[in-house]
Amino acid sequence: MEEALILARQASHMGEIPVGAVVVKDGEIIGRGHNLRERNNSATAHAEVLAIEQACAYVGSWRLSGCTLYVTMEPCPMCAGALVNSRIDRVVFGCKDRAAGCLGSLINFNNYPFNHAFAVDSGVCEDECAQLLKSFFENKRKK
């Protein structure tokens with residue numbers, strides 16, 4: 001989660017919503033990403049999607065069995081769908097997303113009969129992840 005927080009801070013310095021994500025397999029980070037929606041003018045350039053894409057390229061497959069995604073904020077519907085489709089085994093997230101979170105806040109993707117489900121752990125470095133987002137939006141409002 002520390003690496004995901006570093007990536008989230010990088011996103012914040014770029015004017016992006018500070019969310020960072022890493023994919024880990026066998027103790028090694030194989031995918032990294034932070035939000036790039038503004039820079040790339042892309043609705044799909046979320047931290048999770050970018051980390052998943054990099055991890056898939058690393059392993060040479062769209063299947064990320066045996067992998068864990070660490071992300072600073074609860075995934076949205078698009079990212080939760082990417083987690084199902086990539087066959088990630090486990091997701092660890094920091095703070096909840098009460099506006100769009102799909103691993104327990106608004107809905108829980110694992111409650112639906114998709115062809116894959118994954119373990120979920122939440123609240124890891126929660127205060128630090130939440131504070132990063134809170135500070136980002138406070139600064140944005142001041143400007």
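Couple of notes before you dig in:
- Count of the range 118-143 residues which are in a helix (DSSP H, G or I) and open to solvent by 70 Å² or more (accessible area, probe 1.4 Å): 11
- Some residue of the range 83-105 being in contact with a helix residue (DSSP H, G or I) (Cβ under 6 Å, 6 or more places away or on another chain), under 26 Å from Lys140 (Cα atoms), open to solvent by 30 Å² or more (accessible area, probe 1.4 Å) and touching a residue at least 12 places away in the same chain (Cβ under 8 Å): no
- Taken together, Glu48, Glu16 contain a single residue that is over 20 Å from Val124 (Cα atoms) and acidic (Asp, Glu), which is Glu16.
- Among the residues of the range 121-143, the ones that are within 16 Å of the chain's Cα centre (by Cα) and in contact (Cβ under 8 Å) with a residue 40 or more places away in the chain come to 7 in all.
The values are calculated or read from the model by the stated rules, or taken from the named source; none is laboratory data. Predicted, not measured: the structure shown is a model, and the values here were computed from it. We place every Cβ from the backbone using ideal geometry, glycine too, and count neighbours over all the protein chains shown. SASA here: full protein model, heavy atoms, side chains in, ligands and nucleic acids out. Shrake-Rupley method; radii C 1.70, N 1.55, O 1.52, S 1.80 Å.
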